[in-house]
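K.L.:
Below is a structure I'd like to ask you about.
The values are calculated or read from the model by the stated rules, or taken from the named source; none is laboratory data. These numbers were taken from a predicted model, which means no experiment stands behind them. Counting neighbours? That spans all protein chains shown, and the Cβs are built from the backbone with ideal geometry, glycine included. In case anyone asks, the SASA skips ligands and DNA or RNA and just uses the protein heavy atoms, side chains included. Shrake-Rupley method; radii C 1.70, N 1.55, O 1.52, S 1.80 Å.
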Amino acid sequence: MKLCRFLLRYYPPGIILEYEYRDKSKKTKELDILDLNEFTDLDSLADRIADNEQLNSIPKRNQLRIILTRLRERTINRKYRAFKLFKEVGAHKFPLTDCAFNKSGEKFVTASHDRTARVFESFTGSELLTLEGHKNVVIALAFNNPFGDRIMTGSFDKTAKIWSSTSGECLHTYSGHETEITCLDFDQTGKSAATGSMDCTARIWDVESGQSIHTLIGHRDEVVTLGHDRHSNHLITGSFDCSIKLWDCRSGKIVRTMKGHKGGISSTKFNFLGTQVVTGSLDGTAKVWDLASGKCIFTVGTKNDEVFSVDCNLVGTMIATGSANGLCHVYDQRNGEDMATLTGHRGEISRICFNPQGNKLLTAGSDSNCRIWDAATGRCEQLLEGHRDEVFSATFNYNGDMILSGSKDNTARIWRC
């Protein structure tokens, strides 16, 4: 076995080692460097990695120092650069329901009450494809990032569909849910996908064959949120029955059932390492759970109003909640300490997300605005205004230099810095 090359992973910071075996097969090993910062001693870090991986040659060690320098230059927080409106598109006849970037941000897709999804080129605003075939509202969608060659849509017509993102061809229609689909997600390999439904079940599907792999039965009320861990081994589901379930994707069996919320689950998010999950609930709280034991590590929130959205930054230092009362809270993910309260929205917060660097928070609200915040201090860095109705979705691209916002005013906007 020999080391072929180093690959950089910018968000969160890490290095991928690619090894080649005697039979010419290749295998990769990821090294997480989540605590990389401007004070990190790169020489000591390079020596430690080289010793652990038995990289004894001086050229390899020097190469390692060079790529660690590049990694820090790319990922360490720079001075804030303001976002400006770049494009607005409004091809749908009725309000939007969801929107998503591909990994690079070169394309985005929107879903609507008009029963279609549409694919656009981000840099020109040109419509590339119209995905037609659903017989009811298209409520959820996703690219199979990082690949970006497939799009999945879920509809109130009880089906999900897989589409080619280049030709617009419908490759598969997933049928089997008894009632409306509410949420969906690709795993990180792009080989399987999951859907959740008002019929109290989730399903795992084979993307290439279109066949159902597992039906996940156990919830007593509709499944409204789900997601895969980054290793594609586990799926988390949240339900209006107030419980969260962790499933083994290979067997389709329940690994853990986590109870403690007093209201329906509204949002779930794995941490990057896949060791914890953050949950938000209509009971006004968020909880962080240890997945090895299924125990709640801590609970945050005032219980004054429903929590609609939760997120955690990639480096594992902060979690955030967005609530119906227009407030967003940022907490230390290690101990639950309240770090900042973000005030400014004049209505409920529909969606929140951290930027890839993990130091800024993006919020979307019913007041027709998005806001960008310094997550550590709670200071509002910028107000993104111009939508004429509730903004239900907002997200960053992989590099964090583009934002996609979707509104019930039938438009999506691209913002660039």
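K.L.:
Can you list the strands (runs of 3 or more DSSP E) lying wholly within the range 144-241 that have 3 or more residues being aliphatic (A, V, I, L, M) and either more than 20 Å from GLY133 (Cα to Cα) or modelled with pLDDT under 95 (or both)?
P.N.:
Ranges flagged: 212-217, 223-228.
K.L.:
I'm checking my understanding of the structure. Among residues of the range 94-129 that are of a type in the set (S, T, N, Q) and open to solvent by 50 Å² or more (accessible area, probe 1.4 Å), which one is modelled with the lowest pLDDT?
P.N.:
Applying the first criterion (of a type in the set (S, T, N, Q)) to the range 94-129 yields 97, 102, 104, 110, 112, 116, 122, 124, 126.
From the residues that got through so far, the ones that are open to solvent by 50 Å² or more (accessible area, probe 1.4 Å) too are 104, 124, 126.
Details: SER104: 91, THR124: 95, SER126: 96.
Taking the candidates together, the pick is SER104.
K.L.:
Next up: Report, by residue number, each residue of the range 19-42 that is out of contact with any strand residue (DSSP E or B) (no Cβ under 8 Å at 6 or more places or on another chain) and exposed (fewer than 11 other Cβ atoms within 10 Å of the Cβ).
P.N.:
The answer is ARG22, ASP23, LYS24, SER25, GLU38, PHE39, ASP41.
K.L.:
Something else about it: All but one of (1) in a strand (DSSP E or B); (2) within 25 Å of ASP409 (Cα to Cα); (3) open to solvent by 10 Å² or more (accessible area, probe 1.4 Å) hold for THR299; state the number of the condition that does not hold.
P.N.:
(2)
K.L.:
Something else: ILE403 versus (1) under 15 Å from LYS87 (Cβ atoms); (2) more than 18 Å from the chain's Cα centre (by Cα); (3) among the β-branched types (Val, Ile, Thr): which is the lone unmet condition?
P.N.:
Of (1) under 15 Å from LYS87 (Cβ atoms); (2) more than 18 Å from the chain's Cα centre (by Cα); (3) among the β-branched types (Val, Ile, Thr), only one is false for ILE403: (2).
K.L.:
For a quick check of your reading of the model, give me the residue pairs whose first member lies in the range 301-318 and is among the hydrophobic types (A, V, I, L, M, F, W, C), whose second is open to solvent by 50 Å² or more (accessible area, probe 1.4 Å), with beta-carbon atoms closer than 6 Å and at least 6 apart or on different chains.
P.N.:
Close Cβ pairs satisfying both conditions: VAL310/LYS269; CYS312/LYS269.
K.L.:
Can I ask one more? Of everything in the range 396-417 that's open to solvent by 40 Å² or more (accessible area, probe 1.4 Å) and either of a type in the set (Asp, Glu) or touching a strand residue (DSSP E or B) at 6+ places or on another chain (Cβ under 6 Å) (or both), which residue is nearest to PHE143 (Cα to Cα)?
P.N.:
Among them, the one singled out is ASP401.
K.L.:
Still on this structure, please answer the following. Could you figure out which of (1) more than 17 Å from CYS183 (Cβ to Cβ); (2) open to solvent by 30 Å² or more (accessible area, probe 1.4 Å); (3) not in a strand (DSSP E or B) isn't true of ARG256?
P.N.:
Status for ARG256: all satisfied but (3).
K.L.:
While we're here: Inspect the range 332-344 for any residue being open to solvent by 20 Å² or more (accessible area, probe 1.4 Å), under 15 Å from CYS380 (Cα atoms), touching a residue at least 12 places away in the same chain (Cβ under 8 Å) and not in a loop (DSSP other than H, G, I, E, B) and give the result as yes or no.
P.N.:
The answer is yes, given that some residue of the range 332-344 is open to solvent by 20 Å² or more (accessible area, probe 1.4 Å), under 15 Å from CYS380 (Cα atoms), touching a residue at least 12 places away in the same chain (Cβ under 8 Å) and not in a loop (DSSP other than H, G, I, E, B).
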